[in-house]
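Below is one structure, written out as structure tokens; comments come after it.
The values are calculated or read from the model by the stated rules, or taken from the named source; none is laboratory data. From a predicted model like this one, the values you see are computed outputs, not experimental measurements. Every residue, glycine as well, gets a Cβ built from its backbone with ideal geometry; the counts of neighbours run over all protein chains shown. When the accessible area is computed, the model is the full protein with side chains, heavy atoms only, and any ligands, DNA or RNA have been set aside. Shrake-Rupley method; radii C 1.70, N 1.55, O 1.52, S 1.80 Å.
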Amino acid sequence: MDIEDIQSALGGTQKGQSLHDLVRLLYPICRSITGEGVRQTLRHLQQHIPLEICEVASGTKVFDWTVPLEWTIRDAYIATTAGERVVDFQNSNLHVVSYSTPVNGRYKLADLAGHLYSLPDRPDWIPYRTSYYKENWGFCLTHRQLTELKDSEYEVCIDSTLSPGHLNYGEVFLPGEREEEVLISCHVCHPSLCNDNLSGIAVATYLAKAIGSVDRKYSYRFLFLPGTIGSITWLARNRERAHLIRHGIVLTGIGDSGDVTYKRSRQGNAYIDRAFVHVLKQRGTGHQVVDFSPYGYDERQYCSPGFNLPVGCFMRTTHGEYPEYHTSADNLEFVVPRVLQDSLNILLQAVYVLENDVVPLSLNPHCEPQLGKRGLYRAIAGQKEGAQREMALLWVLNLSDGEHSLLDIAERANVSFEVIHAAARALRECKLLEDVPIDSTTRREGDQL
Ligand SMILES: [Zn+2]
């Protein structure tokens, strides 16, 4: 897999607007952990990628959990007794607490208080609240709306159903030369929230499009799941094959204009961790790398001790650390086409490392080979870039002792993997190198080669 191949498979590198258009299209849909909104979202993705919509019946046991009843929401409002809607689900699907049980009746304002959620510090934003595993109902409204509720009684309606149905998730499997897999996972369970769920969905879709159209060493599995219960369900149904996942990444919140954050896997220094840290370091712009903690998104399940899969999490600003998080301000303006593109590029670069790493062995290990007579200096001399490539050739030759992979060399030389890979290719063409037949990406430090 060549990085140019995957980028040209995307039709050039400028896909930011297309990514944002996909976010815009999916934005109005009222998703939850089950229900028609998830299916509608997944059906739309089928227009882009070969996605299978899987379903698991309510009541199915999945490890310590049970697939919940399916939630259907048709309408919800708080209206004056004269019939004027003052809080209306038709204006924003965030207005109803997700998984609210049905309600229909006249309520005293005082009795409504425990069912109303607002953000006093952000009086024009609607918060996002859920009550999946505890039967309850409620409304989310702007603080301004809340302070305008002055009548003593209101008509309250939540036209919802909680009944046996299904949990759905989407799965795209792209077979490669090997049965070992790379997992890309994102959540599809939030209603009209852009950074939190739609940015990951859009980028994963375009990543699958790109990877699907080029030759692959690994097999790739893309999962579009409702958070927590979705990944638990998938792991319960695929327990026997989970060990095939050699590298994995959870995508979340990758459209805001904050710096990149990479959260390491529970293993701490898995190959995927090293590949991401390398790509981010070479990229040079602001980023942070944080250690694993058992809080966040579906990496919690993939990294639970019974699985302990090498799965990290890729995000921009960490969830909860931006005020727009889980509010109506996580909207179409909050996610930026250029940033969506940048997040896709970082993923493509990480995939490129996974796909192209090898352990090279020098065929001329006694003193340096003479590069000039092979045209290797001539081709690259005279520019700053050329000097970097020349150093890359020297590093690759020096560390091609069968003990170091190209990523090991790139890390030690502090040169991008792409440049090291290109140098190794040039040396291989001159018959100065050969590849040791070993999977460099599953090798652990200290392993016998
Ligand atoms: Zn969320």
Q) Given Arg389, Arg338, which one is surrounded by fewer than 20 Cβ atoms within 10 Å (Cβ to Cβ), touching a residue at least 12 places away in the same chain (Cβ under 8 Å) and away from the ligand (no atom under 16 Å from the Cβ)? A) Arg338
Q.
Cβ contacts < 8 Å: first residue over 15 Å from Asp259 (Cα atoms) and touching a residue at least 12 places away in the same chain (Cβ under 8 Å), restricted to the range 316-327; second residue away from the ligand (no atom under 13 Å from the Cβ) and open to solvent by 50 Å² or more (accessible area, probe 1.4 Å), any location; separation 6+ or different chain. Result?
A. Pro323/Arg122; Glu324/Trp125; Thr327/Arg122; Thr327/Trp125
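One line per residue, one yes/no per condition, for (1) farther than 23 Å from His278 by Cα; (2) polar (S, T, N, Q); (3) within 15 Å of the ligand (Cβ to nearest atom):
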| site | (1), (2), (3) |
| --- | --- |
| Ala236 | yes, no, no |
| Ala242 | yes, no, no |
| His247 | no, no, no |
| Thr252 | no, yes, yes |
| Gly255 | no, no, yes |
| Asp259 | no, no, no |
| Arg264 | no, no, no |
**Q.** Members of the range 276-302 that are closer than 21 Å to Ile229 by Cβ and surrounded by 13 or more Cβ atoms within 10 Å (Cβ to Cβ)
**A.** Gly296, Tyr297, Asp298, Glu299, Arg300, Gln301, Tyr302
Q) Tell me, which residue of the range 408-426 that is over 13 Å from Leu393 (Cβ atoms) and in contact with a Leu (Cβ under 9 Å, 6 or more places away or on another chain) is least open to solvent (accessible area, probe 1.4 Å)? A) Phe417
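Please determine whether any residue of the range 212-228 is within 14 Å of the ligand (Cβ to nearest atom), at negative phi, open to solvent by less than 10 Å² (accessible area, probe 1.4 Å) and in a strand (DSSP E or B).
Checked the range 212-228: at least one residue is within 14 Å of the ligand (Cβ to nearest atom), at negative phi, open to solvent by less than 10 Å² (accessible area, probe 1.4 Å) and in a strand (DSSP E or B).
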Q: Return yes when Glu429 is within 24 Å of Asp5 (Cβ to Cβ), surrounded by fewer than 22 Cβ atoms within 10 Å (Cβ to Cβ) and modelled with pLDDT of 95 or more and no when it is not.
A: yes
Q | From Glu390, Glu355, residue being at pLDDT 90 or above and farther than 30 Å from Gly212 by Cα | A | Glu390
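Would you confirm, using the coordinates I've provided, whether His319 is within 16 Å of the ligand (Cβ to nearest atom) and in contact with a Gly (Cβ under 7 Å, 6 or more places away or on another chain)? First the steps, then the outcome.
Values: within 16 Å of the ligand (Cβ to nearest atom): yes; in contact with a Gly (Cβ under 7 Å, 6 or more places away or on another chain): yes.
Here the answer is yes, as His319 does meet what is asked.
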Q: Residues being out of contact with any His (no Cβ under 7 Å at 6 or more places or on another chain) and open to solvent by less than 50 Å² (accessible area, probe 1.4 Å): count how many of those fall in the range 45-58.
A: 4
Q. Going by the structure shown, is Ser131 surrounded by 16 or more Cβ atoms within 10 Å (Cβ to Cβ) and free of Cβ contacts under 8 Å to residues at least 40 places away in the same chain?
A. no
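When the residues of the range 355-368 are filtered to those that are crowded, with 20+ Cβ neighbours inside 10 Å and not acidic (Asp, Glu), which remaining residue is nearest to the chain's Cα centre (by Cα)?
Narrowing the range 355-368 to residues crowded, with 20+ Cβ neighbours inside 10 Å: 355-360.
Filter once more, so that each one left must be not acidic (Asp, Glu): 356, 358-360.
On the way: Asn356: 22, Val358: 26, Val359: 29, Pro360: 32 Å.
Out of the qualifying residues, it is Asn356.
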Q: Please find, within the range 181-196, the residue that is nearest to the ligand (Cβ to nearest atom) out of those that are touching a Phe, Trp or Tyr at 6+ places or on another chain (Cβ under 6 Å) and not hydrophobic (A, V, I, L, M, F, W, C).
A: Asn195
Q. Are there any pairs, at least 6 apart or on different chains, whose C-beta atoms fall under 7 Å, with the first in the range 149-160 and outside any strand (DSSP E or B) and the second aliphatic (A, V, I, L, M), and if so, which?
A. Leu149/Val86; Leu149/Leu109; Asp151/Leu109; Ser152/Leu109
